[in-house]
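Each remark here refers to the structure printed beneath this line.
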Amino acid sequence: MAQFAKVVLERNLDKEFDYLIPDSLLGVVQVGSKVRVPFGRQILMGFVSSVMSHPDYPDCKPITEVIGKKPFLDHHLLELARWMAGYYSCPYETALRSVMPEAVRKADAAHKEKLFVTLKKPLTPEAAEAFPKRSRKQLMVLQYLQSHGGRFLRDLMEETSTGRSSLDALEDAGWIIISPEAVDRDPFENETFLPSSPLLLNDEQKQAFLTITQAITASSPGVILLHGVTGSGKTEVYLQAMDYCLRPRQRRDCHGSGNSPLTPQTVERFKSRFAESGTQVAVLHSHLSAGERHDQWHKIHEGRARIVIGARSAVFAPVRELGLIIVDEEHESTYKQEEAPRYNARDVAVMRGKLLGAAVVLGSATPSLESFHNAAKGKYTLRSMPKRIDDKKMPLMRIIDMRQEALRQKGVHIFSGRLRDAIQERLDKSEQTILFLNRRGFATSMVCPKCGHVEMCPHCSVALTYHRGKNLLACHVCGHKAAPPQDCPACHAPDIRYTGLGTEKVEDTLAKLFPKARIRRMDSDTMTRKDSYRETLGAFRTGKIDILLGTQMIAKGLDFPNVTLVGILNADLGLHLPDFRAGERTFQLLTQVAGRAGRGEVEGEVIVQTFTPFHPAVQFARHHDYQGFYEQEIGFRQELKYPPLSHVILITIRGTNDDKAAFVAQSLRKLLAQNAPAGAILGDAAPAPMAKMKTYFRYQIMLRASSVLKLIGHVEAVLKSFTPPEDVLLTVDVDPLFLM
Ligand SMILES: Nc1ncnc2c1ncn2[C@@H]1O[C@H](COP(=O)(O)OP(=O)(O)OP(=O)(O)O)[C@@H](O)[C@H]1O
Ligand SMILES: [Zn+2]
Ligand SMILES: [Zn+2]
């Protein structure tokens, strides 16, 4: 009997098309196969999403060919993509794009010539200098490879407009390798990992371990929320649970997949633990080159790597028989993707676990209100580890009221007297200090003291930040750069002032206060090279740095036993943003940053400088009281019907013409008000807190309801019948994390 396939084409068509499976391909074309099909007068690539014996359309054309021997995607991943498309309100094809990295999709599109080009040795500045002048083109290709990583031959030739002969010449000269198959480019190949052995678990760790291993072997494992304070040994529990999952006598041959914001330290800990058994660990994160990503993906797909660790997109790793998914630091907002599909990898992990029957562990010292609420309702199993390893004390938190301090010091200073003394004490004792300020640059705005003019970004509604090192003004939203004016652009008064504190200024002041200290700043301005992050952390670990100063980059996951002091310079920074999660984020950040102190033998001290010392987020963090914070915060959410007691959908309307965007927002708001599901709360069409961004004027409509599915259905139905003018753009964000 004839068979037919539904195919999702590599085009944003939001629709699947039916094709006949020709006799020659019967049995070869399966769900998840990558195929080429005729479409109009073109041949397009696509994925088979289902196979059936009756097509929905008569006269289907036959599939032209199949790419690859086995299906690229198993049906679970296709199902997951379908769920994402429905839940996050985007085309199926958009969801599929996330599930499968571009490096893999593209690579095999060029299946005729699957040659791959890699640099054989790094191109040093000296070698570039010495390159013969007449071979400029070849030099350019090497530089391109150096910055982009390995490329497919066809892509490389196209992207650099280079002919094959130049590339052959480079190969002959020993610069590059052109190989028919991608050689495994291991981003960590130059490192050796000392094997580490499992530690003897304490009672609380044992409990957590048991709960997870029971889930792994259960028929419907469910989700476990592991709430363990900073330094309680969660990572050790993950490592042993993964090891258990990999053991051959498990009912299923299970695979572990960790998933967290990656620090080099995390990667090292995982690789070391599994070094001895020879278990391959694949690493997926955003800094991989296309070639590296391609290799890692195939390594997983072919079952050569049984453990995957990575950032957000690792949740889609094509692990063969997934047994365990771990989402570490589950409260992190980096799990949310800020472009379509706007998914939250934590929630996708929960869904993937459910579809596959794999255990899911969400871990954090400061769980999101959503996850803790799910545990409180009994939807997730809660395991707590309330104590640090070896009964080490939680660090002592001192709150410094900067209003009092300003009176005492006659003006606002960066450092309170107490913090300054505490740093000096650590320097005297050769102990280390971490200082945290979540704002980079030198000064966060340039203000005229005479007329009050603030220099703004021409494209966004934010003030420009002054960077003294480069002597320029920069917008932290769109990247716009400008030279700092000598006098006020509005009234021409000569003495323009810089206000608002950034890390660059702190570094400057530190150097003056502590001239002998070895100070290092860590933020996205200083961490520009691929390896600078690793290098800095390495130097800090080996005691070559006394004071590490940085933005949120230093807040998470670092485990340095010699750090006995953590200073938080301005705890209020995020507190007054127009976002109902502002308090939650501040509590999480304070707790996480504080958690870096006192992880070794000596007790830790944390000094928190704030202008709002009695804010609940500050006070609960001070007492290490997650439960207390949760209870007061959930009360507030309940009262105002905010998540987790409702779901939010945020519609953003933007256009380069302000009035037009406003008008579209108002019209859409009217339509949304009709036939809205019972109990839904519809906000006004109002200018977004960031009213202008990257040259667009922005408006928002916020919808809330307890049933997210009904709300999505309503929004989709309205949008289907609503066509905005071409120059006005709409985005729909389900469960948004940023309301700006
Ligand atoms: N059972 C154990 N016995 C001895 N030491 C342990 C044990 N478990 C963990 N440790 C050590 O305790 C330290 C803290 O553990 P770990 O980093 O796993 O904590 P964590 O809960 O993941 O912390 P955070 O959330 O702050 O990143 C590590 O140095 C780890 O090696
Ligand atoms: Zn002025
Ligand atoms: Zn801007």
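Per the Kirkwood definition applied to all pairs of different Cα atoms, how many angstroms is the hydrodynamic radius of region 3-79?
With all distinct Cα pairs of region 3-79 included, I get 12.2 Å.
For every other residue with a beta carbon closer than 12 angstrom to the beta carbon of R698, add +1 if it is Lys or Arg and -1 if Asp or Glu, then tell me the sum.
Overall, the nearby charge balance is +2.
Give me the Kirkwood hydrodynamic radius of region 589-713, using the inverse of the mean 1/r over all pairs of distinct Cα atoms, in Å to one decimal.
Numbers: mean 1/r = 0.0557 Å⁻¹.
Kirkwood hydrodynamic radius for region 589-713: 18.0 Å.
Keeping all protein chains in the complex and leaving out DNA, RNA and ligands, what accessible area do you get for H480 with a 1.4 Å probe, in Å² to the nearest 10?
Counting only protein heavy atoms, H480 exposes about 50 Å² to solvent.
Got a sec to turn the phi values of region 421-426 into Karplus ³J(HN,Hα) couplings, 6.51 cos²θ - 1.76 cosθ + 1.60 with θ = phi - 60°, whole Hz, x for Gly and Pro?
Values per residue, Gly and Pro as x: 4, 5, 5, 4, 4, 5 Hz.
With a cap of 14 neighbouring Cβ atoms within 10 Å, and only residues DSSP puts in a loop, list the GluC sites (Glu not before Pro) found in region 567-673.
Passing sites in region 567-673 are E601, E603.
Please sort by residue number the GluC sites (Glu not before Pro) in region 81-172 whose DSSP state is loop and whose Cβ has at most 12 other Cβ atoms within 10 Å.
E113
Taking every pair of Cα atoms in the chain, average 1/r, invert it to obtain the Kirkwood radius, and report Rg/Rh to two decimals.
Ratio of gyration radius to Kirkwood radius: 0.97.
Translational diffusion coefficient, Stokes-Einstein: compute it for region 508-630 using the Kirkwood radius over C-alpha pairs as Rh, at 37 °C and 0.692 mPa s, and state it as an integer in µm² s⁻¹.
My calculation gives 210 µm²/s for D.
As a check on your grasp of the helix formula, calculate [θ] at 222 nm for the chain: sum -39500 (n - 2.57) over DSSP H runs of n ≥ 4, divide by the residue count, round to the nearest 500.
-10000 deg cm²/dmol
Write down the Å³ per residue value for the convex hull defined by the alpha carbon atoms of region 1-149.
Dividing the Cα hull volume of region 1-149 by its residues yields 160 Å³.
Of all accessible surface on the chain at a 1.4 Å probe, what whole percent is carbon and sulfur?
For the chain, the apolar C and S fraction of the accessible surface comes to 52 percent.
So what are the three principal axis dimensions of region 343-411 from its Cα atoms, in whole Å, longest to shortest?
That gives 62, 35, 20 Å along the principal axes, largest extent first.
First select every other residue whose beta carbon is under 9 angstrom from the beta carbon of S364; then total the charges, Lys and Arg +1, Asp and Glu -1.
For residues surrounding S364, the net value is -3.
So if I take the alpha carbon set of region 484-532, get Rg, then get Rh from the Kirkwood formula, what is the Rg over Rh ratio?
1.15
One-quarter of the Cα convex hull surface for region 256-352, in nm²?
Details: hull surface 24.8 nm².
Convex hull of Cα atoms, orientation-averaged projection: 6.2 nm².
Which trypsin sites (Lys or Arg not before Pro) from region 488-583 combine a DSSP loop assignment with at most 12 other Cβ atoms within 10 Å?
Working: sites: R497, K505, K512, K516, R518, R520, R521, R529, K530, R534, R541, K544, K556, R581; in loops: K516, R518, R529, K530, K544, K556, R581.
Here the trypsin sites (Lys or Arg not before Pro) that fit, given the DSSP loop and packing criteria, are K516, R529, K530, K544.
Given the whole protein assembly as supplied and a 1.4 Å probe, what does the accessible area of L513 come to in Å², nearest 10?
70
Over all alpha-carbon pairs of region 679-720, lay out the pair-distance distribution in 10 Å bins, whole %, shortest bin first.
All Cα pairs, binned at 10 Å, distribute as 26, 41, 29, 5 percent.
The values are calculated or read from the model by the stated rules, or taken from the named source; none is laboratory data. Keep in mind that this is a model prediction, so the values were computed, not measured. Note: ideal-geometry Cβ built from the backbone for every residue, glycine included; neighbour counts use all protein chains shown. The area values use the complete protein model at the heavy-atom level, side chains included, leaving out ligands, DNA and RNA. Shrake-Rupley method; radii C 1.70, N 1.55, O 1.52, S 1.80 Å.
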